[in-house]
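S.K.: One structure is given below, represented as structure tokens, and several questions about it will come after.
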There are 2 protein chains.
Amino acid sequence: MKSVALVVQKYGGSSVENAERVKRVAERVVATRKRGDDVVVVVSAMGDTTDELLDLAAQVSPVPEPRELDMLLTAGERISMALLAMAINNLGFQARSFTGSQAGMITTAAHGVARIIDVTPGRIRSSLDEGFITIVAGFQGVSQDTKDITTLGRGGSDTTAVALAAALEADVCEIYSDVDGVFTADPRIVPNAQKLDAITFEEMLEMAASGAKILHLRAVEYARRYGLPLHVRSSYSTKTGTMVSGYMEELPVEQALISGVAHDRSEAKITVTSVPDKPGAAASIFQVIADAEIDIDMIVQNVSTAGNGHTDISFTLPKEAGPKATEALKKHQTSIGFEKLIYDENIGKISLIGAGMRSHPGVTANFCQALADAGVNIEIISTSEIRISVVCRDTDLDSAVRAVHDKFELGGHEEAVVYAGTGR
Amino acid sequence: MKSVALVVQKYGGSSVENAERVKRVAERVVATRKRGDDVVVVVSAMGDTTDELLDLAAQVSPVPEPRELDMLLTAGERISMALLAMAINNLGFQARSFTGSQAGMITTAAHGVARIIDVTPGRIRSSLDEGFITIVAGFQGVSQDTKDITTLGRGGSDTTAVALAAALEADVCEIYSDVDGVFTADPRIVPNAQKLDAITFEEMLEMAASGAKILHLRAVEYARRYGLPLHVRSSYSTKTGTMVSGYMEELPVEQALISGVAHDRSEAKITVTSVPDKPGAAASIFQVIADAEIDIDMIVQNVSTAGNGHTDISFTLPKEAGPKATEALKKHQTSIGFEKLIYDENIGKISLIGAGMRSHPGVTANFCQALADAGVNIEIISTSEIRISVVCRDTDLDSAVRAVHDKFELGGHEEAVVYAGTGR
């Protein structure tokens with residue numbers, strides 16, 4: 001006897017970009033319901049809605065108040081979720097939509113980048129108990145302290161889906177987009193990239209942190225913490241996608257040593273030259289960056305070509321944080337004591353990820369050899385137990401990805417479907 | 001010493017139809033604040049937003065679920081109020097926006113036509129106490145029983161403003177639109193129609209019920225119940241508009257005997273012929289109509305030309321209720337016992353309103369004479385203490401309005417600004 005499962009499904013902005021697509025999603029949701037499962041659906045705003053709202057905001061204010069920007073943007077999911085509920089009702093099934101606030105997504109008060117503090121899904125549970133297909137607005141919540149409406153920032157809808165699935169003790173959280181699953185590399189760059197059947201949370205975390213846009217880091221972290229299996233799949237087909245779950249032990253034994261190659265074009269590199277080579281010099285730089293609330297990624301400190309007890313320090317950071325970081329550092333140039341600041345946006349990052357690599361020391365050597373054979377110069381290198389990342393020229397990035405993918409024999413015999421970005 | 005006044009301002013959809021207009025409204029709100037008053041602003045959705053959302057709904061479902069339609073439509077005010085708050089912030093003043101639910105607009109659960117049960121404006125009061133210009137979404141509330149989001153239906157934003165002003169014990173509620181105030185007639189029909197400086201609630205109620213679209217009936221009823229003065233004025237000028245307030249005694253002595261001429265093209269007429277002229281016949285007809293939840297306006301019962309103990313009954317009702325009413329009546333044709341049902345959409349209604357007319361019996365005679373001189377045939381006539389209404393051919397309506405306006409010498413010496421419709 002099969003007991004009723006609870007499935008949480010998340011559909012991104014491109015899956016609901018117009019009325020036609022909303023109806024398709026409705027059919028898909030109804031198909032799941034017909035199997036006998038309870039369904040909670042988390043939706044993003046339709047296609048370009050968020051950009052259109054941001055454009056309106058820019059027309060009335062150059063620097064919109066974050067509280068009001070959240071109030072504005074949350075109109076987006078309100079529209080898509082109500083339409084989806086109507087479309088489901090129209091297929092003869094009962095559906096009800098709920099805002100993040102109604103669904104009990106309790107967050108910090110940090111507008112635009114709120115973090116989930118608690119999930120109190122009482123109304124969602126009642127709605128499920130009453131037999132409704134229950135739709136929840138992704139990306140949004142309500143502040144615990146101020147009771148103001150908040151948004152979760154990038155990857156917010158994925159995070160909503162995972163957090164809600166964890167709170168409801170769902171059996172699985174399905175993340176739908178226009179891609180078939182997680183690939184060994186971006187198929188737009190590597191045509192024979194293969195879809196992975198399974199991947200661990202740890203590898204997925206490294207993939208996400210290394211620029212694979214299919215799942216947001218926060219959502220993966222959340223799923224890992226609660227041991228909630230994620231199923232990354234396409235809203236265009238019924239094919240099984242990629243299961244992201246707990247441990248290697250649970251995964252098929254034929255799981256590849258290496259999961260895939262990720263790349264990232266969103267970072268810039270800052271180099272500060274001739275920093276006094278003494279204790280505290282690096283710390284003073286990174287304190288300035290931290291005070292400006294900027295996250296940095298890779299760091300390298302090398303002996304200055306100038307010598308004389310001075311050193312150069314390079315680090316990578318999101319491009320959009322570049323102006324703020326350079327400004328902050330220049331303000332403290334005297335106290336830090338550096339000579340020049342070089343800001344470089346023309347970099348790319350390539351990463352090789354695989355839980356298997358921790359016990360295979362030859363991986364790093366092969367990785368570097370592949371890049372050398374392709375004529376790609378390594379500017380910064382950094383490694384974790386299950387990842388190697390390298391910064392190179394952005395113009396070299398595509399050939400670097402292909403070279404590494406080939407070197408580790410990750411390709412299949414078929415061309416993969418073409419990849420596209422996912423919504424918020 | 002002037003104490004701080006609390007002003008509630010309501011801006012309709014055309015006043016905030018694009019970013020430029022939102023900025024204009026922001027300037028206007030800030031000007032009020034600079035005078036030292038506390039300000040609460042109630043806004044409608046921007047221009048065509050509601051129609052666009054309805055169009056989307058129609059694309060996913062022919063008969064959208066009312067609960068979900070309310071969820072969808074309330075995105076409209078969310079967008080306009082957040083933009084207005086941003087625009088005010090951008091002028092250096094602090095503003096915060098609140099949804100109907102957050103503002104404590106507690107309603108019945110009748111989606112699309114919810115009625116306000118209670119207003120609990122705790123958050124609005126706190127926001128005012130903290131010095132914020134406080135913006136509230138018009139048209140929307142939250143159901144007391146289900147906690148679902150509701151909309152108030154036609155005239156909803158006016159009603160929100162008035163209900164909030166009453167609950168906050170505001171000094172005045174200003175209703176802004178693109179008209180200078182309440183006029184003696186529609187200036188599009190009567191070019192020398194004059195703006196009234198003042199009008200009583202009772203007269204305004206009759207004007208609203210008779211088709212003057214400047215203020216919705218529900219809002220006037222609410223204001224009258226709480227004795228809350230309304231100031232109807234233009235968002236395009238700083239001119240004083242029309243004060244709607246308690247009693248004639250409070251109004252200037254030079255106040256005209258007659259307030260104005262209203263007209264209405266939104267009604268249809270149903271005539272059922274040869275109804276048995278016996279007790280209960282009319283009642284059975286109106287019971288059928290009431291069971292179909294249709295409001296009727298004017299009723300006339302006249303001796304049938306056929307004689308023989310039968311009579312004809314005519315009544316007017318909103319055009320959109322026409323099909324439903326004819327269907328309901330035909331279903332009960334046998335039990336009611338009428339012969340024919342005649343449905344007529346080509347009617348117009350003209351009304352003369354004036355608190356002064358109750359003590360001037362000559363008014364009705366003059367009114368009918370004016371119509372006769374203009375060659376307008378009277379089909380139905382109905383009177384209250386402060387109103388006379390007549391149904392005529394819709395093609396005669398404009399000349400009827402002009403004739404009556406002239407007869408009672410309501411015109412001024414200047415041409416009035418051109419009238420336009422107001423938002424929800």
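The values are calculated or read from the model by the stated rules, or taken from the named source; none is laboratory data. Bear in mind the structure is a predicted one, so any value in this text is a computation, not a measurement. Glycine gets a Cβ as well: all are built from the backbone with ideal geometry, and neighbour counts include every protein chain shown. SASA here: full protein model, heavy atoms, side chains in, ligands and nucleic acids out. Shrake-Rupley method; radii C 1.70, N 1.55, O 1.52, S 1.80 Å.
S.K.: Taking springs between alpha-carbon atoms closer than 10 angstrom, which of A:127, A:143, A:274 fluctuates most in the Gaussian network model of chain A?
M.R.: A:274
S.K.: Can you give the extra length, in nm with one decimal, that the chain gains between residue B:169 and residue B:343 once fully stretched, where that is 0.36 nm per residue apart less the Cα-Cα distance?
M.R.: Details: separation 174, 0.36 × 174 = 62.64 nm, distance 4.66 nm.
Here the answer is 58.0 nm.
S.K.: In addition: Take the alpha carbon gyration tensor of segment B:101-194, find the square roots of its eigenvalues, order them as a ≥ b ≥ c, and report rounded if a/c is under 1.5; if not, report prolate when a/b exceeds b/c, else oblate.
M.R.: Numbers: a/c = 3.18, a/b = 1.56, b/c = 2.04.
Cα axes put segment B:101-194 in the oblate bin.
S.K.: Moving on. Whenever you get a sec, compute what percent of the accessible area on the protein assembly as shown sits on carbon and sulfur atoms (1.4 Å probe). Present the calculation step by step, with values, prior to reporting the outcome.
M.R.: Numbers: 17340 of 35370 Å².
That share works out to 49 percent.
S.K.: Anything losing 30 Å² or more of accessible area from the isolated chain to the full protein assembly: pick those residues out of segment B:20-56, probe 1.4 Å, ligands and DNA/RNA ignored.
M.R.: B:23, B:56
S.K.: How much net charge surrounds residue A:61 when only the other residues with a Cβ under 10 Å from the Cβ of residue A:61 are counted, with Lys and Arg +1 and Asp and Glu -1?
M.R.: Net of charged neighbours comes to -1.
S.K.: Report D for segment B:292-402 in µm² per second (integer): Stokes-Einstein, Kirkwood Rh on Cα pairs, 37 °C, 0.692 mPa s.
M.R.: Working: Rh = 15.9 Å.
Rounded to a whole number, D works out at 207 µm²/s.
S.K.: Give me the summed buried accessible area for the B-A pair, 1.4 Å probe, to the nearest 100 Å². Don't skip to the end; give the middle numbers.
M.R.: Numbers: alone 19300 and 19340 Å², together 35370 Å².
It comes to approximately 3300 Å² buried between B and A.
S.K.: Shifting gears a bit: Scanning chain B for GluC sites (Glu not before Pro) in DSSP loops with at most 14 other Cβ atoms within 10 Å, what's the longest stretch left with none? Working shown, then result.
M.R.: Values: sites that count: B:130, B:169, B:254, B:293, B:339, B:345, B:385, B:409, B:414, B:415.
Counting only loop sites that pass the neighbour cut-off, the longest clear stretch is B:1-129.
S.K.: If each Cα of segment A:6-178 is one equal point scatterer, what is log10 of I(q)/I(0) from the Debye formula at q = 0.08, 0.11, 0.17, 0.18 Å⁻¹?
M.R.: Per q value, in the given order, log10 I(q)/I(0) is -0.22, -0.41, -0.96, -1.07.
S.K.: Please identify, among A:185, A:328, A:170, the residue showing maximal mean-square fluctuation in a Gaussian network model of chain A using a 10 angstrom Cα cutoff.
M.R.: Of the options given, A:328 has the highest mean-square fluctuation.
S.K.: How much accessible area per residue does the protein assembly as shown have, in Å², with a 1.4 Å probe? Intermediate values should be presented prior to the final figure.
M.R.: Details: 35370 Å² over 848 residues.
Dividing the accessible area of the protein assembly as shown by its residue count gives 42 Å².
S.K.: For the rotation bringing B onto A, which B residue has its Cβ nearest the axis, and at how many Å?
M.R.: Here the value is B:75, 2.
S.K.: Along Cα→Cβ at 7 Å, what distances in nm separate the residue A:63 label point from those on the other copies, shortest first?
M.R.: 5.3
S.K.: Assuming a viscosity of 0.692 mPa s and a temperature of 37 °C, what translational diffusion coefficient in µm² per second does Stokes-Einstein assign to segment B:268-344, Rh being the Kirkwood radius over Cα pairs? Walk me through the numbers on the way to the answer.
M.R.: Numbers: Rh = 12.2 Å.
Value of D from the Cα-based Kirkwood radius: 268 µm²/s.
S.K.: Which residue fluctuates the most in chain A, going by a Gaussian network model with Cα springs under 10 Å, if the choices are A:81, A:357, A:105?
M.R.: Judging by the Gaussian network model, the answer is A:357.
S.K.: Let me ask something else. Starting from a label point 7 Å past Cα on the Cβ side, list the distances from residue A:369 to the same position in the other copies, nm, shortest first.
M.R.: 11.3
S.K.: How many percent of the alpha carbon pairs in segment B:347-407 exceed a separation of 12 Å? Each step should come with its number before you reach the end.
M.R.: Numbers: 1133 of 1830 pairs.
Cα-Cα pairs of segment B:347-407 separated by over 12 Å account for 62 percent.
S.K.: Using the Cα centre of segment B:6-178 as the reference point, and only Cβ charges (+1 on K/R, -1 on D/E), how large is the resulting charge dipole? Debye, rounded to the nearest 20. List each step's numbers first, then the result.
M.R.: Numbers: 16 positive and 23 negative charges, 93 e Å.
In debye, rounded to 20, segment B:6-178 gives about 440.
S.K.: At each listed q (0.20, 0.23, 0.27, 0.29 Å⁻¹), what is the log10 of I(q)/I(0) that the Debye formula gives for segment A:151-209 modelled as equal alpha-carbon point scatterers?
M.R.: Log10 I(q)/I(0), no solvent term: -0.96, -1.15, -1.28, -1.30.
S.K.: OK, next. State whether segment A:148-297 is rounded, prolate or oblate according to the following rule on the C-alpha gyration tensor (a ≥ b ≥ c being the square roots of its eigenvalues): a/c under 1.5 gives rounded; otherwise a/b larger than b/c gives prolate, and the remaining case gives oblate. Show your work: numbers first, answer last.
M.R.: Numbers: a/c = 2.13, a/b = 1.60, b/c = 1.33.
It comes out prolate by the Cα gyration axes.
S.K.: Same structure again: Report the normalised scattering of chain B as log10 I(q)/I(0) at q = 0.12 Å⁻¹, calculated by the Debye formula with identical scatterers on the alpha carbons.
M.R.: Relative scattering, expressed as log10 I(q)/I(0), comes to -1.04.
S.K.: Within chain A, which complete DSSP H helices have Cα atoms spanning at least 18 Å along the helix axis and a mean Kyte-Doolittle hydropathy of 1.6 or higher? Kindly include the intermediate steps, with their values, before the conclusion.
M.R.: Working: long enough: A:19-34 (22 Å, -0.71); A:75-90 (23 Å, 0.71).
Counting only whole DSSP H runs, no helix qualifies.
S.K.: To continue, here is another question. Would you mind telling me the antiparallel percentage of the DSSP bridges in chain A, rounded to 5? The partial results should precede the final answer.
M.R.: Numbers: 44 of 73 bridges.
So the antiparallel bridges in chain A amount to around 60 percent.
S.K.: What value does the protein assembly as shown have for Rg/Rh, both radii from Cα atoms and Rh as Kirkwood defines it?
M.R.: Working: Rg = 34.0 Å, Rh = 31.1 Å.
A ratio of 1.09.
S.K.: Another one. If you count the DSSP beta bridges with both ends in the protein assembly as shown, what percent of them are antiparallel, to the nearest 5? Present the calculation step by step, with values, prior to reporting the outcome.
M.R.: Values: 88 of 146 bridges.
Percentage antiparallel, nearest 5: 60.
S.K.: For segment B:139-182, just say rounded, prolate or oblate: build the C-alpha gyration tensor, square-root its eigenvalues into a ≥ b ≥ c, call rounded for a/c under 1.5, and beyond that prolate if a/b exceeds b/c, oblate if not. Don't jump to the answer; show the numbers that get you there.
M.R.: Values: a/c = 4.52, a/b = 1.66, b/c = 2.73.
Judged from the Cα gyration tensor, segment B:139-182 comes out oblate (a/c at least 1.5, b/c at or above a/b).
S.K.: Only protein chains counted, 1.4 angstrom probe. Which residues of segment A:76-100 are at least 30 Å² less accessible in the assembly than when their chain is isolated?
M.R.: Residues meeting the cut-off: A:78, A:79, A:82, A:83, A:86, A:89, A:90, A:96, A:97.
S.K.: In nm to one decimal, list the spacings between the residue B:342 label point and its equivalents in the other copies, with label points set 7 Å along Cα to Cβ, shortest first.
M.R.: Reported distances to equivalent positions: 9.4 nm.
S.K.: I would also like to ask the following. Work through the residues other than residue B:167 whose Cβ is under 11 Å from its Cβ and net out their charges, Lys, Arg +1 and Asp, Glu -1.
M.R.: Values: positive: B:125; negative: B:118, B:169.
Local charge sum for residue B:167: -1.
S.K.: Tell me which of A:258, A:162, A:18 sits at the most positive position along the dipole axis of the protein assembly as shown, charges placed on C-beta atoms (Lys, Arg +1; Asp, Glu -1).
M.R.: So the residue furthest toward the plus end is A:162.
S.K.: Oh, and also: In nm, give the distance between the simple-model label positions of residue B:364 and residue B:327, each being 7 Å from the Cα along the Cα-to-Cβ direction.
M.R.: Between residue B:364 and residue B:327, the simple spin-label model gives 3.9 nm.
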